[in-house]
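First the structure, in the form of structure tokens, and then the observations on it.
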Amino acid sequence: MTALLSVRGLAKSFGGVRAVDDVSFDLGAGEMLALIGPNGAGKTTCFNMVGGQLAPDAGSVRLGGVELVGMKPEAIWRQGVGRTFQIAETFASLTVRENVQLALLSHARRVLGVWRAARTQYAGEADALLAGVGMQAQAERAMSVLAYGDVKRVELAMALANRPRLLLMDEPTAGMAPRERNELMALARRLAHEQSIGVLFTEHSMDVVFAHADRIIVLARGELIAEGPPAAVRDDARVREVYFGGGTTFAIDVAEKSDA
């Protein structure tokens, strides 16, 4: 696999606590890579260092050979990195189409002070992005009236507005019903494969992780303890230990956890 994203020796401490300790991994174009771990494992810290929200104490984050460490999040976004958030960041008072238009205007560096003049721009491109996530029919509806699953679809369309090579998804299915979360991740996986977008996502729902990730990396106490395809990670003794205290039926426990 040729790496799109290459992370090497990433480390971060808070006071005397080593939150992330010498973490390295690669992500290929078109690949869905899940970053998981129990509470306090360091996955959020690691994720935010990749996205530029936190500066690492040490290490390298390269996208297509370009070093991202030291760049601000906006500069990283302009390198072709899209992001969705645990709590969807959209404008509730605007329509579905207008939210995507704003993202497109930002990508083109043409955000206008008078929104009335901007509303006519990139409408066709916005509708094409909405069609890709199954939301074109709702383009003229206000965001405030949408079901939460549909809000997350619009957020995904907005993240795709800058034609990202890398998409960071932070707890993308938080607050969603089981059917909604699996539909969203199936959509993200299809788009990633079709458009050769590398996707790094954090997720607490193990059913989502094992159903939709191509590979999984597992952190515990700041260290990477396992990496590989879902079947290999499911059977890894260290993963069973940190999640379930050494139980031998990880697949069954995952199913039970996801239904809780």
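Values in this text are rule-based calculations from the coordinates and carry no lab data. Since the structure is predicted, the reported quantities are computational estimates derived from the model, not experimental observations. Cβ placement follows ideal geometry from the backbone for every residue including glycine, while neighbour counts extend to all protein chains displayed.
Within region 126-167, name every residue whose backbone N is under 12 Å away from a label modeled 7 Å from Cα of residue 190 along the Cβ vector.
131-135
Hey, can you list the DSSP H helices of the chain whose Cα span along the axis is 15 Å or longer and whose average Kyte-Doolittle score is at least -1.0?
96-107, 148-159
Can you tell me, using C-alpha contacts under 8 Å and at least 6 residues apart, the relative contact order of the chain as a whole percent?
On the way: 494 pairs, mean separation 66.8, N = 260.
The normalised contact order for the chain reaches 26 percent.
What is the spin-label model distance, in nm, from residue 8 to residue 125 if the labels are put 7 Å beyond Cα along the C-beta direction?
3.5
Fewest to most neighbouring Cβ within 10 Å: what's the order for 44, 173?
Working: 44 21, 173 26.
The most exposed by this proxy come first: 44, 173.
In region 48-201, what % of DSSP beta bridges are antiparallel (nearest 5)?
On the way: 3 of 11 bridges.
That works out to approximately 25 percent antiparallel.
Taking 22 Å as R0, compute the FRET efficiency from the Cβ-Cβ separation of residue 24 and residue 235 and round it to 0.05. Let's see the in-between values first.
Values: r = 22 Å, r/R0 = 1.02.
So, using R0 = 22 Å, E works out to roughly 0.45.
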